[in-house]
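Heads up, the thing below is written out as structure tokens.
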Amino acid sequence: MVELELIRVDKYSEQTFTHLLEASHYQKQVGSFELCSATNIAYLFYADGKLVGFTVIGISNRREFEVCALYITPAERRKRYATEFMAHIWSVYKGRWKVRMQDKLESSCGFWRKTLAEMTNQPQSHRRESEFEHAFAV
């Protein structure tokens, strides 16, 4: 069994987050991410002590959240880490959530369709990727 751990990005882990952000395709989108702000939260993901990814969550008010970025390193993909990490985050941050596809990669769209269908107990959406946005409450 793999031990999964989420670490909230703070001044001590900012450099690690920045290096991983630079390796991802989210650098331009999230580039000016302000740590420890009232409108953004970032988490680093670890599996058995190894850094495997991150997420950035936008907060529009106390009960409305948006997944701004979700990244798993290429070598660690397809191991359900992202699904497990997001399920934990959704269990902690209750409220209205929005997922909007930015990169429109088929693998990303497939991941979100499957994960959101599981999370909301609804059938998978088959909308065109250019229209992919999903709002739900937890």
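The values are calculated or read from the model by the stated rules, or taken from the named source; none is laboratory data. This structure is a prediction, so every number in the text was calculated from the model and none was measured. Because the Cβ atoms are built from the backbone with ideal geometry, glycine has one as well, and the counts that use them run over all protein chains shown.
Odds and ends about this structure:
- Against the criterion of being more than 19 Å from E22 (Cβ to Cβ) and part of a helix (DSSP H, G or I), A87 qualifies.
- One residue stands out in the range 2-19 among those that are in a loop (DSSP other than H, G, I, E, B) and closer than 15 Å to E76 by Cα: the one that is modelled with the lowest pLDDT, namely V2.
- Checked against (1) at pLDDT below 95; (2) surrounded by 20 or more Cβ atoms within 10 Å (Cβ to Cβ), T39 meets all criteria but (2).
- Each residue in the range 90-138 was checked for being surrounded by 12 or more Cβ atoms within 10 Å (Cβ to Cβ), modelled with pLDDT of 70 or more and in a helix (DSSP H, G or I), and 14 pass.
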